Amino acid sequence: MEQPIEGNSSKKQHRWTMPMSRRLLEILAEEVKKGNRPNNTFKTFSFTLAAKRISEEFGVKCLPDHVDNHLKTLRNSWTMIYKLRGNSGFGWDENLKMITASPKAYTAYLLAHPTHDKYLKKKIDMYDEIAIVLGKDMARGDFAKSFVDIDLQSHTKDEDKIIDFEVG
């Protein structure tokens, strides 16, 4: 799970699996619900709690810095999703939690940005939890979520059509 960072044998890099990412989002969504994310910044003990739970539940050494770094990775994906949803010719399917696009817009966009294919016409796994945890970072009316809107217990098994928020 952990490997030394090149050039510094004393530091370990944490490798996040999809189940770990899901659990992290669940934990942080609950922290938001408790009011532990004032002014769009989590309180320090929220990262400490998340790291402790990830460590215990997955049998790995997870530190608060690992949680913070992974949240930055998730934020990058969230930013891309936010931008795509706002493009002309793009839409959003609330039931499927999926960015949609007309064939013309889809083709034109992918010609210009071929690496963004992973965000289009695929279910965005844990979208609701991500919207709670990161949504206020990119506030916009159509992204607004409250806890009454979100079922934190729902998960999908169809991994092939789900955006994996892990970045290699």
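The values are calculated or read from the model by the stated rules, or taken from the named source; none is laboratory data. Computed from a predicted model, the values in this text were never measured in an experiment. Neighbour counts run over all protein chains shown; Cβ positions are idealised from the backbone, glycine included. Heavy atoms of the whole protein, side chains included, go into the accessibility calculation; ligands, DNA and RNA do not. Shrake-Rupley method; radii C 1.70, N 1.55, O 1.52, S 1.80 Å.
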Using modelled backbone amide H atoms (1.01 Å from N, in-plane), which distant-in-sequence or interchain residues come within less than 5 Å of TRP92's amide H? THR100
Loop-only GluC sites (Glu not before Pro) in the stretch 55-97, please: DSSP not H, G, I, E or B, and at most 13 other Cβ atoms within 10 Å. GLU94
Of LYS34/LYS97; LYS33/LYS122; LYS83/LYS122; LYS83/LYS123; LYS83/LYS118, which sit over 18 Å apart, Cα to Cα? LYS34/LYS97; LYS33/LYS122
Per-residue ³J(HN,Hα) for the stretch 25-42, Karplus 6.51 cos²θ - 1.76 cosθ + 1.60, θ = phi - 60°, Hz, x for Gly and Pro: 4, 4, 4, 5, 5, 5, 5, 5, 4, 7, x, 9, 9, x, 6, 6, 10, 5
Just the accessible area for TYR82, please: 1.4 Å probe, Å², rounded to the nearest 10? 40
